1. Within the bounds of segment 55-67, is there any residue that is in contact with a Ser or Thr (Cβ under 6 Å, 6 or more places away or on another chain) and either not in a strand (DSSP E or B) or not basic (Lys, Arg) (or both)?
2. Just checking, how many residues over segment 1-52 are in contact with a Cys (Cβ under 9 Å, 6 or more places away or on another chain) and either outside any strand (DSSP E or B) or farther than 21 Å from residue 98 by Cβ (or both)?
3. Taking the options 40, 12, name whichever one is among the hydrophobic types (A, V, I, L, M, F, W, C) and modelled with pLDDT of 95 or more.
4. Within segment 135-146, does at least one residue satisfy the condition of being modelled with pLDDT under 85 and hydroxyl-bearing (Ser, Thr, Tyr)?
5. Could you run through segment 49-108 and say how many residues are on the phi > 0 side of the Ramachandran plot and over 21 Å from the mean Cα position of the chain (by Cα)?
6. Could you tell me which residue of segment 171-194 is most open to solvent (accessible area, probe 1.4 Å), considering only residues that are of a type in the set (D, E, K, R), touching a strand residue (DSSP E or B) at 6+ places or on another chain (Cβ under 8 Å) and at pLDDT below 75?
7. Select the helices (runs of 4 or more DSSP H) contained entirely in segment 96-170, then report the ones holding at least 1 residues which are touching a helix residue (DSSP H, G or I) at 6+ places or on another chain (Cβ under 7 Å) and either of a type outside the set (A, V, I, L, M, F, W, C) or open to solvent by 50 Å² or more (accessible area, probe 1.4 Å) (or both).
Amino acid sequence: MSYLKKIEYEIVLKDSFLVIHGCPKCDRKTHFKNTKKFRVNANGNKLDIWLIYQCEKCKHTLNLTIYERQKVSSIPKEEYQGFLDNNEQLAEMYGRNMQLFRKNKADINFDSLDYDFVKLHETLETNESGEQLLITINNPYQLKIRPEKQIAEVLGLSRSQVKNLLEKKEIELKMELPQFISIRINSSRFYMDE
């Protein structure tokens, strides 16, 4: 009897995005990192809330706008308290929120990302088409990682080996959404026993 093994992975960031930004003190573009702190400013009954980033070289700060001119009542109480307490988990969550960086027109340094592939689940089904492996990789942060590199890292191969297997059609690749790829392997050679 033949089987279809399905494994689902997700790309998980180990740390917040780094920002490339012109630093007035360094007088050039440098890397700014998440301080895991917030700035909360009240003006009457309106609030402004920023996530504070800092130049790695001189410590000059860059504020990324989270909320602008919002009523306190429009922000969930737990989240608001997290801003006031400089909650590190909340700061990490915002430091990985692609929408926040787009909204602030912040230039993310995609070359220095530290991430892992985390296995979410695995299933085994009977299959009439021979031994097959179906791997899906979810990229929730829409990181700019070439599909061949993702496949290579999951399978433990070099990128040139993956390109060769794709050319030979031993591996089929589908881009289902910008942040989601699936790989079908029609060879028992890659049957993963993890």
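The values are calculated or read from the model by the stated rules, or taken from the named source; none is laboratory data. Since the model is a prediction, treat every value here as computed from it, not as a measurement. Neighbour counts are summed over all protein chains in view; Cβ atoms, including those assigned to glycine, are modelled from backbone coordinates with ideal geometry. Surface areas here come from the heavy atoms of the whole protein model, side chains and all, with no ligands, DNA or RNA. Shrake-Rupley method; radii C 1.70, N 1.55, O 1.52, S 1.80 Å.
1. Quick first cut of segment 55-67, residues in contact with a Ser or Thr (Cβ under 6 Å, 6 or more places away or on another chain) only: 55, 57.
Next, from what is left, pick out any that are either not in a strand (DSSP E or B) or not basic (Lys, Arg) (or both): 55, 57.
Yes, that holds for at least one residue.
2. First, the residues of segment 1-52 that are in contact with a Cys (Cβ under 9 Å, 6 or more places away or on another chain): 21, 23, 25-26, 29-33.
With either outside any strand (DSSP E or B) or farther than 21 Å from residue 98 by Cβ (or both) added as a condition, the list becomes 23, 25-26, 30.
Counting residues in segment 1-52 that are in contact with a Cys (Cβ under 9 Å, 6 or more places away or on another chain) and either outside any strand (DSSP E or B) or farther than 21 Å from residue 98 by Cβ (or both) gives 4.
3. Values: 12 fails: modelled with pLDDT of 95 or more.
It is 40.
4. Within segment 135-146 (the criterion being modelled with pLDDT under 85 and hydroxyl-bearing (Ser, Thr, Tyr)), the answer is yes, since at least one residue qualifies.
5. Kept after step one, since they are on the phi > 0 side of the Ramachandran plot, are these residues of segment 49-108: 59, 69, 86, 105.
If we keep only those that are over 21 Å from the mean Cα position of the chain (by Cα) too, we end up with 59, 69, 86.
Here the count works out to 3.
6. Let us first name the residues in segment 171-194 that are of a type in the set (D, E, K, R), namely 172, 174, 176, 184, 189, 193-194.
With the extra rule that they be touching a strand residue (DSSP E or B) at 6+ places or on another chain (Cβ under 8 Å), the set shrinks to 172, 174, 176, 184, 194.
Imposing the further condition that a residue be at pLDDT below 75 reduces the set to 176, 194.
Details: 176: 98, 194: 122 Å².
Step by step, filter segment 171-194, then rank; the result is 194.
7. On the way: elements: 98-103, 147-155, 159-167.
The helices (runs of 4 or more DSSP H) meeting that bar are 147-155, 159-167.
So that you can scan it fast, the table gives a plain yes or no per residue for (1) closer than 30 Å to residue 66 by Cα; (2) in contact (Cβ under 8 Å) with a residue 60 or more places away in the chain:
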position	(1), (2)
99	yes, no
109	yes, yes
127	no, yes
132	no, yes
137	yes, yes
149	no, no
158	no, no
165	no, no
179	yes, no
